[in-house]
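One structure is given here, and the rest of the page talks about it.
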Amino acid sequence: MIVLQSNVSPGLTQGLIALMAAACGFTVANVYLNQTLLVDIAGTFGVTEAAVGIVTTLTQVGYALGNVIIVPLGDIFERRRLVLALLCMTCLSLVSAALSGSITWLIISNFCLGLTTVIPQIIVPLAAGMADERRRGKVLGTVAIGLVCGILGARLVSGLVDSLWGWRSMYWISFGCMLLLALLIRIRFPVSKGTASLPYRKLLLSLGPLFMKEGVLRRSCLSQGMIFGSFSLFFTTIGFMLQAPPYSYNSAVVGLVGLVGIGGTIATPTIGRVIDRKGASFANKMCMLAAMISFLIAVTAGHRLSALILAAFLLTVGTQANQVACQANIFSLSAASARSRLNGLYMVCTFLGGALGSYLGVWAWTQWHWTGVCICGMVMIATGMSAALGNKKTAGTAANDKFMKKGM
C-alpha cells in the first residue's frame, strides 16, 4: 500500500485518478437524484410542489453542514478509512429514504444523505496533494469529470428508473452502487496520513480565522456559491417546466434533457489546462460569462426545447469549470495541512448557495414561473461576477507580495 508523505506521489496513476473521478461521481449523485423525482414524490405523499422542494433544499443544507463538521477531519485522519466510514453511513441514509413512509421521514433521510455523502470533498484534496503543482489543474479537471457525470447522470438515471419502477427504486439502486464502490476503494485507494495535529475542537475553531485570513478563499466561495446556486435553481425547476404545458413530458424525458450537460465534461480538463497556463482568475471570469449567457438564452427562448438544452449545456460548463478554477485558487493558498479545511469552507459556501438556489427557484416558479426563475438566476450570477472581478485584484496583490518577498 502507498503511504502519502509529500505533495507529490508516484502512486497517482491514471487508474487511481479514474477511480477517484468515479468515486466522486457516484457519491455526489446522491445529492441530486431527488431533483427529477420531485413530481412523483409529491404525488405519493399528496403534497404541493413548494412543499416537496424542501427535499432538495435540505439535502444540500445537509451537504453544506457535512463540509463543516466532517470534511475537516481529512486533515487529521487517514482518508481512506474516513471515506469508507462515510460510505457506510450513506448506505443507511439511502435505505431510510427508500423506506420512507411520510414526506417528513423522506426529508430527514435526504438531509442525512447530504450530510454523509461529502466523500468527494475528502477525495479532491487527496488528489490535489498527490499531484505535482505543474499538473494540479489538469488532475483536478480530470477528477471533476466524475463530478459532472455524477451530477447530471443522476438526473438521467433517476428519471428513467422513476418512469419504470418508481422513485423508491432509485434509492435502492444507489445503495447497491455504494456497496460496490466501498469494495473498490478498500482495495485500490492509497493509505494517507493526516498532516495536521490539532484536536477536533481546535480544528473546527480554526475554520473562522482561516476564512477571515484568506481573501481569495472568500471571493472563490462567493463566486462558486452564486453560480452553483443558479445551477441548482435551474435544474430544480426545469422538471416543473418540462412536465407542465406546453411540454408535458414525463420524468424520463426530463432526465434526458439534463443529460445534455454531461457534454460539459469536455470543459473540465480543458479549463484545467487554461488554469495551468493563464491562471485561475482568467478562467473564473470566462465561466461566469458562460453562465450568464445561459440564462439570457433560457429567459428569451425558454419556450423552445432546443434553447433550453443549449442553456443547460452552457450553465453546466460554466458551473463545473468554475469549480475547478476556484479550487485551483484555494489550493494554492496554504500548506497541505489545511487543504481539507480550505476545501470544506469552500464547499460549505458552494452548497449553501445551492440550497438558496433551490429555495429561490421553487419560490420564483410559484410566483412568476419560468421568467421569475431566470431573473433570479441572473441576479445570482451577477453577484458571483462581482467576486470574480475582485479576484483579479487579489491575485495581483498576491503576485506583488511574492515579488517583494523575492526581492527582499
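At a glance:
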{"quantity": "Accessible surface ranking that places the most exposed of Leu181, Leu360 first, with a 1.4 angstrom probe", "calculated": "Leu360, Leu181"}
{"quantity": "For peptides 63-72, 306-315, sequence by mean Cβ density within 10 Å, most packed first", "calculated": "63-72, 306-315"}
{"quantity": "In degrees, nearest ten, helix 305-331 long axis to first principal axis of the chain (Cα)", "calculated": "20 degrees"}
{"quantity": "Residue-level accessible surface for Trp363, protein heavy atoms, 1.4 Å, Å²", "calculated": "100 Å²"}
{"quantity": "With Cα atoms, 0 to 90° folded angle of helix 339-407 axis to the chain main axis", "calculated": "10 degrees"}
{"quantity": "Orphan Cys of the chain, criterion: no other Cys C-beta under 4.7 Å", "calculated": "Cys24, Cys88, Cys91, Cys112, Cys149, Cys177, Cys287, Cys326, Cys374, Cys376"}
{"quantity": "For Ala244, distant residues with modelled amide H under 5 Å away", "calculated": "Tyr249"}
{"quantity": "Net charge dipole size for the chain [Lys, Arg +1 and Asp, Glu -1 on Cβ; Debye, nearest 20]", "calculated": "1460 debye"}
{"quantity": "Unit Cα scatterers, Debye sum, region 148-222: log10 I(q)/I(0) for q = 0.13, 0.22 Å⁻¹", "calculated": "-0.79, -0.94"}
{"quantity": "Cα-projected label distance for Lys213 with Leu184, points at 7 Å along beta-carbon direction, nm", "calculated": "3.7 nm"}
{"quantity": "Folded to 0 to 90 degrees: helix 167-188 orientation relative to the chain principal axis, Cα", "calculated": "20 degrees"}
{"quantity": "Heavy-atom accessible surface of region 100-178: percent carbon and sulfur, 1.4 Å", "calculated": "70 percent"}
{"quantity": "Principal axis dimensions, largest first and in whole angstrom, of region 93-169 by Cα", "calculated": "51, 24, 13"}
{"quantity": "Label-zone membership for region 274-298, site Ser332, 7 angstrom Cα→C-beta point, backbone N under 16 Å", "calculated": "274-287"}
{"quantity": "Per residue accessible area of the chain, 1.4 Å probe, in Å²", "calculated": "39 Å²"}
{"quantity": "Shape of region 278-365, Cα gyration tensor, a/c cut at 1.5", "calculated": "oblate"}
{"quantity": "Helical mean residue ellipticity (222 nm; -39500 (n - 2.57) per DSSP H run of 4+; nearest 500) of the chain", "calculated": "-27500 deg cm²/dmol"}
{"quantity": "Coordinate range along principal axes, alpha carbons of the chain, Å, largest first", "calculated": "67, 43, 37"}
{"quantity": "Net length gained if the chain between Arg81 and Ser306 were fully extended (0.36 nm per residue, minus Cα distance)", "calculated": "76.5 nm"}
{"quantity": "Label-point separation, Trp172 to Val68 (7 Å along Cα→Cβ), nm", "calculated": "3.6 nm"}
{"quantity": "Cα-based radius of gyration of region 309-351 once divided by 2.2 N^0.38 Å, which approximates compact folds", "calculated": "1.40"}
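The values are calculated or read from the model by the stated rules, or taken from the named source; none is laboratory data. Keep in mind it's a predicted model, so treat the numbers as computed, not measured. Cβ atoms come from the backbone with ideal geometry, glycine included; neighbour counts cover every protein chain shown. Accessible surface areas use protein heavy atoms only, side chains included; no ligands, DNA or RNA. Shrake-Rupley method; radii C 1.70, N 1.55, O 1.52, S 1.80 Å.
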